[in-house]
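Any read-out appearing in this document is the output of simple, stated calculations on the displayed coordinates, not a laboratory observation. Keep in mind that what you see is a predicted model, and the values were worked out from it rather than measured. All Cβ positions, glycine included, derive from the backbone under ideal geometry; neighbour counts span all protein chains shown.
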Amino acid sequence: METDLFIPDGEIVRLGQLEIEKVRDLVLMLDAGKIPFASLVECRKMGLVETVVFEVEVEVPQLCRYQVRPSEPIAATFHKDDSTFPIVHALRKDFPQVPHLNLHIQEFPRNLCIYAERYEEIKRRWTSPRFVHRIRDWLALTARGELHQEDQPLEQILIDHVGHLVLPARLLEEADDAQPIFIDSVRPVEKEKLFLIAQQQQPQDGALSIVASVHRCSPQTHGVIYKRPITLADLSALVDRAGLDILAELRSRLKNWLNNKKSILDSHILLVIQFPKRRSDDEEVEAVDTWAFLLGDAARTAENAGDLRIRDLGTRIGLWDIQDKQVGLLLSPDTSKRGENVGLDVLNVSFQLTRLTTASLNGFSTIDDIRIVAIGAGALGSQTLMNLTRGGFGTWTIVDHDRLMPHNIARHMLTGHFVGWKKAEAVALLANSIAGDTDLFTALSVDVLAPGERNADIVKAFHNAEAILDMSTSIAVARKIVRDVESDARRISLFLTPSGRSLVLLAEDKGRTMPLDALEMQYYRAVANNDRLEKHFQTTGNRTRYGQSCRDITSTLPQNLVALHAAIGAQAIRNTINDHSATAVIWQEEGCGKVERTDIELTPVIHHRIESWTVITDEGLLQKLGMFRQARLPNETGGVLLGSFDLDRKILYIVDALPSPPDSEEWPTLYIRGRKGLRQAVDALEEKTHGMLEYIGEWHSHPPGARLAASCDDLKVFAWLTELMQADGLPGLMMIVGDPGRTSCYVGEIMKEENLLPEASSHE
């Protein structure tokens with residue numbers, strides 16, 4: 001069957017007249033039969049361009065999705081400078097419209113898009129046989145309808161453009177009327193495309209005033225656009241196939257503007273058109289392409305590109321005439337004027353980031369609006385917050401009273417532009433710009449420990465929060481939020497150890513049965529008793545002065561460790577908030593990027609009120625004391641207690657215990673604690689926990705079946721202990737361990753009967 005073919009440009013030439021190396025190689029391979037399924041037809045040359053015409057034999061199925069023939073005539077055009085892909089044309093005049101065609105000014109001949117990669121990536125491994133093989137595979141897959149894979153994104157409606165345009169995310173929400181926008185041009189360097197940023201509020205004097213007119217096509221199967229529009233008439237013909245009468249909509253809209261918004265007639269106009277796309281004719285819309293077209297004079301130059309005003313556009317589409325600078329509306333539009341003299345510049349549209357888009361790009365299908373107060377916007381805090389922001393997680397109140405100093409920039413998310421700013425305000429500003437929302441982050445530049453006039457603001461923030469995240473590295477702050485703040489919010493603490501090598505997360509359960517300060521104490525016990533955490537609190541020893549004040553000193557801490565732990569911390573916070581149980585975790589960097597995770601086993605917290613003191617311990621400690629007792633039965637045994645005091649709030653934390661020293665005297669009804677090695681053991685634990693645990697009192701056991709009331713000997717011991725602790729202004733503490741589940745505790749300056757816990761209140 002005779003087939004009509006397009007004739008490539010140029011004169012027919014012989015092999016010896018060809019100058020381009022890749023063309024010569026391709027011709028030699030074809031002519032010698034080295035590519036068995038392809039045969040040479042002719043060679044052509046025009047200026048710096050050379051074309052090879054050849055026939056390709058294609059394996060096609062009996063029933064083709066697209067009408068590709070068993071033998072297809074192909075023209076491959078090469079440029080002498082070898083700066084871009086060879087242009088591949090299917091020469092058949094009836095070659096079908098199929099996916100993966102390159103868009104050009106002319107519709108025919110069809111230009112095959114055979115590479116998805118950049119030419120620079122292909123060039124180093126390009127050969128003539130591989131090139132022809134690629135064309136053959138393209139034709140075969142197209143015939144079967146398999147070239148575009150099911151998991152592959154849909155093709156773009158348009159692929160050629162003169163620049164980029166970033167539009168406000170909410171611009172399309174009010175697409176039925178004119179939307180004034182202001183354009184800032186980010187001037188490109190030579191030969192680069194334009195980059196334009198649109199805002200709905202005028203950013204500065206001199207910004208280009210443009211009216212955006214938004215339109216929407218009917219849903220289309222991808223791959224339906226045949227050629228690139230260069231005039232408004234071309235665009236009208238293109239979108240007409242997609243069910244949009246752009247000229248009718250423009251005339252209607254311009255008429256409305258003439259009556260109601262004459263002030264915009266001197267503005268430029270930008271057509272924003274949405275192209276809903278589906279994978280096949282019977283499927284739902286899968287994606288929407290948005291393209292923008294800046295209208296200008298068809299005879300424009302580089303100097304007057306886009307310089308067409310709305311009043312001029314109305315005359316060029318037959319809507320009105322202009323006499324003596326006055327606009328006169330025609331009784332009936334002149335539909336013969338279709339914008340042939342209205343040129344357009346195609347702009348590739350992107351939208352300002354939204355919170356949902358941010359979350360999606362980070363792999364999250366939804367956003368989480370949990371209300372969180374974050375205390376501390378330092379190095380770890382700022383980077384962790386930005387990670388969570390980019391993941392669409394949380395609505396935040398940032399609390400930090402410090403200003404950004406120059407030395408902070410070494411490890412902070414903020415840049416030098418923000419030096420002198422309040423950290424909370426700067427981080428909130430940056431976070432809101434990332435999230436595309438102006439009120440996602442709220443800043444409170446307040447000292448939590450001394451809020452002063454801002455106390456009502458901080459109280460309100462705590463009251464409204466669902467979680468309070470402390471990243472301040474201040475124990476005073478941690479104690480305040482857990483003991484002095486009235487809020488149902490769950491408390492969470494995230495901090496780095498002094499060296500920066502370990503990250504710690506402590507999180508209350510949702511019901512707050514395990515408060516943050518009690519979790520902190522169990523964390524200290526884990527550090528004290530885990531050999532792998534021997535250097536957990538070790539410091540670098542390097543400190544740097546950044547100012548003249550005695551407090552102007554900062555520690556050396558590598559940014560890479562801060563960034564590493566901020567990434568881990570952000571994910572951990574997200575997981576923890578979605579899990580309602582209490583958590584205590586340590587991540588320790590072991591070198592070369594290896595991170596070791598240690599999960600701390602938590603046990604239920606026990607609160608006791610004894611005289612004016614609140615005693616906080618946990619079942620883990622009582623179990624440890626019980627094991628010490630059981631190991632020495634039938635004799636009594638004992639040792640020392642370690643913990644911490646909060647003298648301001650009259651809280652005593654009983655955290656850990658040491659067993660009986662080897663020189664102790666142990667009898668079935670008598671125990672005298674020895675001293676051998678005890679001081680060294682206590683000092684070692686204090687050092688290991690960075691001074692967080694210290695000696696706080698004594699414990700001993702009673703024999704099986706014995707009461708937990710203090711004996712005469714116990715009273716003497718307690719009197720001695722009270723006198724010893726009073727020297728440091730501290731209360732005496734003694735615990736007596738009895739049969740399983742029974743423990744008593746004495747706290748006070750003087751031994752009193754009420755110090756003894758009633759048996760009913762004993763630990764069961």
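Seen against the Cα atoms of the chain and their longest principal axis, helix 619-632 is set at about 50 degrees.
Among Asp618, Asp345, Asp281, Asp368, the ranking by other beta carbons within 10 Å of each residue's beta carbon, starting with the fewest, stands as Asp281, Asp368, Asp345, Asp618. Relative to the longest principal axis of the chain, what angle (0 to 90°, nearest 10) does the C-alpha long axis of helix 455-464 take? In the chain, helix 455-464 runs at an angle near 80 degrees to the longest axis. Residues whose amide H falls under 5 Å from that of Ile606, counting only those 5 or more places apart or on a different chain, are Thr617, Asp618, Glu619, with hydrogens built in the peptide plane. Among the GluC sites (Glu not before Pro) in the range 500-541, those located in a DSSP loop and surrounded by at most 15 other Cβ atoms within 10 Å of their own Cβ are Glu534.
Compute the separation of the alpha-carbon centres of the range 379-433 and the range 122-146 and state it in Å as a whole number. Cα centroid of the range 379-433 versus Cα centroid of the range 122-146: 50 Å apart.
Legend: ranking of residues Asp509, Asp81 from fewest to most surrounding C-beta atoms inside 10 Å; resulting order Asp81, Asp509.
Per-residue packing, averaged as other Cβ atoms within 10 Å, sorts the ranges 24-36, 631-643 into the order 631-643, 24-36, beginning with the highest. Whole-Hz Karplus values for the range 126-140 come out as 7, 9, 4, x, 4, 4, 5, 4, 4, 5, 4, 4, 4, 5, 5 Hz, taken residue by residue from phi with 6.51 cos²θ - 1.76 cosθ + 1.60 and θ = phi - 60°; glycine and proline positions read x. The H on the amide N of Gly748, modeled in the peptide plane, is under 5 Å from the matching H of Gly732, each at least 5 residues off or on a different chain. For the range 643-745, applying the loop criterion from DSSP together with a ceiling of 15 other beta carbons within 10 Å to the trypsin sites (Lys or Arg not before Pro) yields Arg649, Lys650, Arg675, Lys676, Arg707. Normalising the average separation of contacting C-alpha pairs (under 8 angstrom, six or more residues apart) by the number of residues puts the relative contact order of the chain at 6 percent.
Which option, [x] 49.9; [y] 39.3; [z] 41.2, is the value of mean projected area of the Cα convex hull in nm² that was calculated from these coordinates? Identified label for the calculated read-out: [x]. DSSP assigns beta bridges within the range 368-599; of those with both partners inside it, close to 55 percent run antiparallel. Which entries of Lys34/Lys93; Lys22/Lys123; Lys510/Lys624; Lys423/Lys594 show an alpha-carbon separation above 21 angstrom in the structure shown? Where the Cα-Cα span goes over 21 Å, the pairs concerned are Lys34/Lys93; Lys510/Lys624; Lys423/Lys594. In plain terms, the residue of Lys624, Lys325 with the fewest other Cβ atoms within 10 Å comes first and the most crowded comes last, giving Lys325, Lys624.
For the chain, the 222 nm mean residue ellipticity estimated from helices alone, with every DSSP H stretch of n ≥ 4 adding -39500 (n - 2.57) and the total spread over all residues, rounds to -7500 deg cm²/dmol.
Rounded to the nearest 10 degrees, the inclination of helix 21-31 to the longest alpha-carbon principal axis of the chain is 70 degrees. Residue-wise HN-Hα couplings along the range 35-49, as the Karplus relation 6.51 cos²θ - 1.76 cosθ + 1.60 with θ = phi - 60° gives them from phi, are 10, x, 9, 9, 9, 6, 10, 6, 10, 9, 9, 8, x, 8, 10 Hz; Gly and Pro carry x.
Of the GluC sites (Glu not before Pro) found in the range 452-493, those that fall in a DSSP loop while having at most 15 other beta-carbon atoms within 10 Å are Glu486.
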